[in-house]
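Input: a single structure, listed below in structure tokens.
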Amino acid sequence: MEEPASDHSAIRNRWFRRLPATLRLKTSVLAEISGAVGDLGTYIPIVLTLTLVSHLDLGTTLIFTALYNIVTGFLFGIPMPVQPMKSIAAVAVAESTHLTLPQIAAAGLSTAAVLLFLGATGLMSVLYRYLPLPVVRGIQLSQGLSFAFTAIKYIRYNQDLVTSKTGGPRSWLGFDGLVIALISCLFLILTTGAGDSYKEEPSSSEPLSGSESRSGRRIRRLRILSMIPAALIVFLFGFLICFLRDLSVLKYLKFGPSKLHILRITWEDWKIGFVRAAIPQIPLSILNSVIAVCKLSADLFPDREVSAMTVSVSVGIMNFVGCWFGAMPVCHGAGGLAGQYRFGGRSGASVVFLGIGKLVLGLAFGNSFAQVLSQFPIGVLGVLLLFAGIELAMASKDMNSKEESFVMLVCAAVSLTGSSAALGFGVGIVLFLLLKLREFDCSSSSSSSCLGFQWMKPKSNAEEDESTHLLA
């Protein structure tokens, strides 16, 4: 009776070994799928807003972002997100004169050209290598807290996505009420906790004392809870509410993908798109879509750290492919990576699953699927975004010295107050150099050391091993 099960296990193992290394599951299939929806708290509101306000074709965007997800899953081997360029989206819908679709595409292409140049020439790698860690942590902290503040606003207040304005307090009852959002939040807390993993099993070879037995039972219980695909359940719950709120949305669904066409971008579109949207987006993309993503990948996946050059080139190529067809400008975001990791994504398979889901919806329903998404409860999206933002902000917990924490907090405060990552970055760099200048001493060291830049250079493996040996 055991032979068929053994044969089935052997066949399954052979099948998994044939997968590319980047797609081999690190956890269960359900956990990877649950992680895949971890960044939808950002993706859905922005895409839906651009669809309603700027006449973005949702079907085209779903298809192209699906292809990006699948390719990045194969390429990076981690749950690398594909997210909207937030600054471009904010400018497109927030100002009195909304950007047209060609102007949005021009802004995305301009930003992509800068990142492609920096990545291809190696300048992005140089910037990543010598950038002070406290400044990077400050950018991550500010972005994470910004997500969390937006999430709380989504949960507490009614949102008008078309006008990008916050309305009155959200009612307690109803399909998009506070009760639904709070139930979703409590469910995620009970199942995922603070995001800790519980892989260790108590040894069964030796008898356990009473306290060890209780600890073992607690760990087993927490492991069982952590195996529940919590984010996936919450997302499907919200998806079900779409139809419960208004069953008439079904009659708006039309089968078949959107028609692809190449945008005609005039010189005026290039000028307006670059000045109004690309200029504020470029520093944000460099800092959050490349530098912060690479650092976060090193924190979460030490054996699979992605290079700044690859990420930068990836953003450039994605937009040079899709923007010409009217797809939304996209990038890789640290918040999306934190969210997908928080809910179970551990390999490239996570975003491949997400890409397959987007591709099916884009090919099956095209732009008509926007009618369904417009009914998705914003409070539930706020809950998903809240957990993603907190996970990103928690990356700053390794700032142990007072000096590092000081630089990080000032950088984060300026970024949040001025709503500009570039301003916070500039202040953080100046502050870091001023603190190093206080310790300036060229009498017994080289000029590079006395200026403090030696602290910023990463140690080689040999240097790290030697330091560890000396400490031991």
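The values are calculated or read from the model by the stated rules, or taken from the named source; none is laboratory data. As the structure is a computational prediction, the values presented were derived from the model and not from experiment. A quick note on method: Cβ atoms are made from the backbone with ideal geometry, for glycine too, and the neighbour counts reach across all protein chains shown. Accessible surface is based on the protein model in full, side chains and every heavy atom, while ligands, DNA and RNA are left aside. Shrake-Rupley method; radii C 1.70, N 1.55, O 1.52, S 1.80 Å.
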Highest first, please rank the peptides 52-60, 158-166, 368-376 by the mean number of other Cβ atoms sitting within 10 Å of their residues.
-> 52-60, 368-376, 158-166
Among 254/358; 295/397; 86/397; 26/397; 26/358, which pairs are too far apart, with a Cα-Cα distance over 18 Å?
-> 86/397; 26/397; 26/358
Using the alpha-carbon centroid of each, what span in Å lies between region 19-97 and region 121-161?
-> 17
Using a Förster distance of 41 Å, the FRET efficiency for residue 434-residue 74 (Cβ separation, nearest 0.05) = 0.40
Could you give the accessible area per residue of region 103-202, probe 1.4 Å, as a whole number in Å²?
-> 47
Using a 1.4 angstrom probe with every protein chain in place, what is the largest-first accessible-area order of 417, 192, 61?
-> 417, 192, 61
Accessible area per residue, 1.4 Å probe, Å², for region 316-429: what's the number?
-> 31
Give the long-range amide H neighbours of residue 330: residues separated by 5 or more places, or on another chain, with amide H under 5 Å away, using H modelled in the peptide plane at 1.01 Å from N.
-> 85
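Around residue 36, with a cut-off of 13 angstrom between Cβ atoms, what is the net charge of the other residues, counting Lys and Arg +1 and Asp and Glu -1?
In short, +1.
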Using a 1.4 Å probe, how large is the accessible area of residue 279, given in Å² and rounded to the nearest 10?
-> 90
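Using per-residue counts of other Cβ atoms within 10 Å, averaged over each peptide, order 393-406, 351-364 from highest down.
By packing density, highest mean first, the sequence is 351-364, 393-406.
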How far apart, in nm, are two points set 7 Å out from the Cα along the Cα-to-Cβ line at residue 186 and at residue 397?
-> 2.5
Full-extension gain in nm, residue 240 to residue 363, via 0.36 nm per residue minus C-alpha separation = 42.2 nm
R0 = 25 Å: FRET efficiency of residue 324 with residue 121, Cβ-based, nearest 0.05?
-> 0.60
Accessible-area order for 342, 214, largest to smallest, probe 1.4 angstrom, reads 214, 342
With label points built 7 Å along Cα→Cβ from the Cα atoms of residue 217 and residue 262, find their separation and express it in nm.
-> 6.9
